[in-house]
Structures are given as structure tokens and as C-alpha cells.
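Only one structure is covered here, and it is reproduced in the block below.
The values are calculated or read from the model by the stated rules, or taken from the named source; none is laboratory data. What you see is a predicted model, and the numbers here were worked out from it, not measured in a lab. FYI the Cβ positions are ideal-geometry reconstructions off the backbone, even for glycines, and counts take in every protein chain you see.
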Amino acid sequence: MRTVDVGDVRQAVGELLRHSAHSLPEDYLKAMRTARQEEQSPTGQDVIELLLENAAYAESETIPTCQDTGMAILFVEVGQEVHFSGGEIEAALQDATRDAYSDLRKSVVSDPLLRVNSGDNTPALIHWEIVAGDGLRISTLQKGFGAELMSRVQMFPPAVGEEGLQQFVLDTIESAGPNACPPLIVGVGIGGSLDTVGMAAKKALLRPIGSQSPEQHVAKFEAEMLEAINRLGIGPQGLGGVVTALAVHVEVLATHIAALPIAVNLNCSAPRRATLEL
Amino acid sequence: MARTVEAPLDEATIKSLRAGERVVMTGKIYAARDAAHKRLVEAMQKGEALPLPLSGQVIYYVGPAPAKPGSVIGPAGPTTSGRMDPYTLPLLERGVAGLIGKGSRSEEVKRALVRHRAVYFGAVGGASALLARQIRSSRILAYPDLLSEAVRELEVEEFPLIVINDCHGGDAYLAAREAYRSDGGRSQRSR
């Protein structure tokens, strides 16, 4: 058994969210530098260059890369031998979000119908997973909603097959067009049920760009999808080009004999993603 | 060098702009996004006075992040314009001449841009820290309770834009996509 003080968690997660708002991950920057070489459209090249300059400027000035500093989504993996002391862990994570967003944009309304800003960007969306051991691992996504809004979920019957799923992904990207701020990172969940397929798509966005599924058939699906998406012509910011997506990450789940659910969760070209272990 | 257009926009400038053209904008523009649009249109329906001028003016769909101490404004890139489509016609009818955002507009808005001689410009989404550098002043004009969604008057200097929809029916997104499409229109045809 290991005791973890929730005050330490609050501080570490607060710092992580603060930092991640102005510092984009290295795997993304690397992928963008490669994309700049691969892009054929001069306007597309300029857009990628501008986004790389913006990332460097934001980092050097410690200001957010994008005004939409997102809704904080936290994935918490807790070892079953961890004991939290000093308060409630959930409250500590909400406090961490409140701390970090004191200088970031408050983009959350407390009620979807009444639409009054919560004033401190809480609540963060927290997903818990109990795992073996005594570790504590927290991943964060500060998700901009321009791309979230263009994401989709569909409960298909099995007869739709792999080809039907590919068409659904392409239709999603095509109707998102310039709105979701391409070059995109495309998270896809396949299988499970209505609730878990969306989560799988979101978790796929946590994977570093360039990683591929350990399942061979899934890795093949990822590679084929990326190629097909980049043939759509949408390009950086929708201004035309051959780089519409940087990566397609697919997570698969066991599902019922009657169903073939799919969710496509889009991330804009500003993936605010980070992980810490305590 | 991209040519400079002055805000507010005059008729000759509006007519001369073509989809796909890159420009820089200098002058006064007005920030408003979702919640502010809802209030503005409700105020118009009730016949109330509006907190900003409309004729010839440019509206920028932006909800800036908080400014760092000593800065004029925080990161201030465009938000998705399509969400403002349901509120855009009454604004164009009252003479709004320019819209700045990112992403596609509805067919109805595109037709209204032609009818009312107005232009939709795109700014690069996510280039928000750099775009904020081109904003020289920022002042809240109305709805401070909406926080980042308040209506602001912004003075911009050489604010980089691309004409997406001009007043002649041109559409830069559609033209650019067709130019680089290499799937034989597979996705579109299947719908």
C-alpha cells in the first residue's frame, strides 16, 4: 500500500494543465515538420509553417497556443494499492483545474440548456480506471470544441462491415472540412457499446502521433484510413492540400453479435495532451 | 505582399475582393461569438439599441483567452463560423460588410453575402498567439457577464486573412478542395 497526498496531486495536475496549454507535444511538432515537407499546396505549406511558428512563440512567451484552452478531460489510472490522504481525490482534481484555468479561458457552461459560464472552467471530465499495483498515472486532454463539435458516433449493424466504417470516417472528415482546424488527429473507436465507443475514440487521441495499433488488422485499417483521408483534398485549414490528417488512431473493443458501433473523435491541430506519473 | 484593406469596409473594396486572395486588415473591428450573437439578434427583434455600429463594419468570431499582465489581449484566433450562421442574416441586412472566422458557411449565408455585398474572411485557426500580436487595443463594449464571449471593439493592424467567400459567389474552400482532391470524389458521390 502506498499513500498519496491529494494536495500533491492537485499541484502536479495544475502545473501539467498550465504547461500543456502553451507547450504542444514533441511528437506533434515533429509530425508537422514532416507534413510541411509533404504538403504540395503552397497555401497549405504556409499554414503549417504559421502553426509551427505559433507553437514556438506560445512556448517562448508562455501564452496559450490557442484561445480555446478547452475543457479539461482527465484520465486517471489508479493502482489498487494506492491510498489517498489529505482530502477527496476528485475534489483535488477539480481544484487543480480551477487553479490552472485562473489564467486560461473559461469555456465551460454549468448547464447545457441554461448556458451560464461556470466561471472557472470546472467541471473537468474525469475518467477513472483501477489498475494493478500502487502507481498513479494521469493523462490530460485540453480539448478544443471546434473539433469536438464535428465528431460523430453511430451504432451500425455488423453488415455495414469495414468498408462501411471507412466510408463513415471519410464522411465525418469531409463534412467537418475546414471547421475542425486540420491537419487533424483522428481518434476512432470501434466496437463496445454507445458509452464505451466514444471513450475508446477519445483515448485514441492520447496516443503519440506515429504510434500504430499492436493489432495487425487494426494497424492496416489506420494506414488505409490516413491515406484515404489525405486524398480528400481538404488540406491544412481547409485551404486545399494533401495533409488533412497527421494520424489516424483506432482502438477496438469487444462488442455484441448484433452491433458494429463506431465513434470518430477529431482533434484540431493543437493537441494539448500530457501525462504524469506520481 | 498582401494588400491592406481598411475596416470598416467600403463598397469599392468589398467588390474588389476575390475568394482565395490573401489580405491584411487594419482598422476597427468587433468581436462577437455565440452568446453575443444570440443577444444581439434578440435585441434587434425587440427594437432595442445595439452596443456596436453595423453598417460597413467587420465582425470577428473570437473569444480571446485572458491577457497576460501588460498585454493588450490574450491569444485571439477565430472560432468556427458555422455556429453563427443562424444569426448572420439579420446582421447582413443591417449592413455588416465583413465577417471573420474559420470554417464553412451555410448556403443561405453565402447567398446573403452576394445579395448584401459582404465578404467572409478566414483567419488561421490555432495561430492564436501570433494573431493576438496584430491587435493593438481591446475594449469591452457590451455583455461583460459573458466573459470571453463579451462584445469587444478591437483595433487591428495588418491582421492576416484570406478571402473565403466573396460578394460574387466565389468560395475558396470549395475551389481549393477540388484542386487537391485525388479520390475521384468517392466520398461525395456515395452520399
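Taking the stated definitions as given, is A:VAL82 aliphatic (A, V, I, L, M) and within 14 Å of another protein chain (Cβ to nearest Cβ)? Judged against the criteria, A:VAL82 is not a match. Of all the numbered requirements in (1) surrounded by fewer than 19 Cβ atoms within 10 Å (Cβ to Cβ); (2) assigned to a strand (DSSP E or B), A:GLU224 misses one, and that requirement is (2). Residue count for region A:58-71, restricted to those that are touching a residue at least 40 places away in the same chain (Cβ under 8 Å) and either at positive phi or part of a loop (DSSP other than H, G, I, E, B) (or both): 8. When restricted to residues that are of a type in the set (A, V, I, L, M), within 14 Å of chain B (Cβ to nearest Cβ) and over 10 Å from B:ARG177 (Cα atoms), region A:225-258 contains 7. State all residues of region A:220-274 that are within 27 Å of A:THR196 (Cβ to Cβ), free of Cβ contacts under 8 Å to residues at least 60 places away in the same chain and touching a helix residue (DSSP H, G or I) at 6+ places or on another chain (Cβ under 8 Å); if no residue qualifies, say none. Across region A:220-274, the qualifying residues are A:PHE221, A:GLU224, A:MET225. In summary, A:VAL218 fulfils each of the numbered conditions (1) surrounded by fewer than 20 Cβ atoms within 10 Å (Cβ to Cβ); (2) assigned to a loop (DSSP other than H, G, I, E, B) with the single exception of condition (2). Is there any pair linking a residue in region A:167-180 that is more than 8 Å from chain B (Cβ to nearest Cβ) to one that is among the aromatic types (Phe, Trp, Tyr) and surrounded by fewer than 24 Cβ atoms within 10 Å (Cβ to Cβ), with Cβ under 8 Å and at least six apart or on different chains, and which? Final answer for the pair search is A:PHE168/A:PHE156.
For region B:12-33, the tally of residues that are in a helix (DSSP H, G or I), crowded, with 18+ Cβ neighbours inside 10 Å and either of a type in the set (A, V, I, L, M, F, W, C) or touching a residue at least 60 places away in the same chain (Cβ under 8 Å) (or both) stands at 1. Restricting A:GLU49, A:GLU15 to those that are within 12 Å of chain B (Cβ to nearest Cβ), assigned to a helix (DSSP H, G or I) and surrounded by fewer than 19 Cβ atoms within 10 Å (Cβ to Cβ) reduces the list to A:GLU49. The set of residues in region B:96-133 being part of a loop (DSSP other than H, G, I, E, B), surrounded by 19 or more Cβ atoms within 10 Å (Cβ to Cβ) and away from chain A (no Cβ under 12 Å) consists of B:VAL96, B:ALA97, B:ALA118. Screening A:ILE63 with (1) within 11 Å of chain B (Cβ to nearest Cβ); (2) under 30 Å from A:GLU174 (Cβ atoms); (3) not small (Gly, Ala, Ser) gives one miss only, at (2). When A:ALA96, A:ALA55 are checked against the criterion of being part of a helix (DSSP H, G or I), within 18 Å of the chain's Cα centre (by Cα) and buried (at least 17 other Cβ atoms within 10 Å of the Cβ), A:ALA55 stands alone in meeting it. Scanning region A:24-42 for residues that are over 24 Å from A:GLU59 (Cα atoms) and either touching a residue at least 12 places away in the same chain (Cβ under 8 Å) or hydroxyl-bearing (Ser, Thr, Tyr) (or both) turns up A:GLU38, A:GLU39, A:GLN40, A:SER41. Does region A:230-243 contain any residue that is among the small types (Gly, Ala, Ser), on the phi < 0 side of the Ramachandran plot and surrounded by fewer than 24 Cβ atoms within 10 Å (Cβ to Cβ)? Within region A:230-243, none of the residues are among the small types (Gly, Ala, Ser), on the phi < 0 side of the Ramachandran plot and surrounded by fewer than 24 Cβ atoms within 10 Å (Cβ to Cβ).
Checked against the criterion of being within 27 Å of A:LEU239 (Cβ to Cβ), surrounded by 17 or more Cβ atoms within 10 Å (Cβ to Cβ), of a type in the set (Gly, Ala, Ser) and within 14 Å of another protein chain (Cβ to nearest Cβ), region B:143-150 has at least one qualifying residue.
Residue-by-condition table, conditions (1) modelled with pLDDT under 95; (2) touching an Asp or Glu at 6+ places or on another chain (Cβ under 7 Å); (3) within 20 Å of B:HIS168 (Cα to Cα):
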residue	(1), (2), (3)
B:ALA36	no, yes, no
B:VAL41	no, no, no
B:MET44	no, no, no
B:LEU50	no, no, no
B:GLN57	no, no, yes
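Residue-by-condition table, conditions (1) assigned to a loop (DSSP other than H, G, I, E, B); (2) more than 14 Å from chain A (Cβ to nearest Cβ); (3) over 16 Å from B:GLU157 (Cα atoms):
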{"site": "B:VAL41", "(1), (2), (3)": "no, yes, yes"}
{"site": "B:PRO51", "(1), (2), (3)": "yes, yes, yes"}
{"site": "B:GLY77", "(1), (2), (3)": "yes, no, no"}
{"site": "B:PRO90", "(1), (2), (3)": "no, yes, yes"}
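Could you tell me how many of the residues in region B:129-145 are of a type in the set (Gly, Ala, Ser), out of contact with any strand residue (DSSP E or B) (no Cβ under 9 Å at 6 or more places or on another chain) and under 10 Å from B:ILE73 (Cβ atoms)?
1
Being over 21 Å from B:THR80 (Cβ atoms) and without any contact (Cβ under 8 Å) to a residue 24 or more places away in the chain, is that true of even one residue in region B:165-176? No, every residue in region B:165-176 fails to be over 21 Å from B:THR80 (Cβ atoms) and without any contact (Cβ under 8 Å) to a residue 24 or more places away in the chain.
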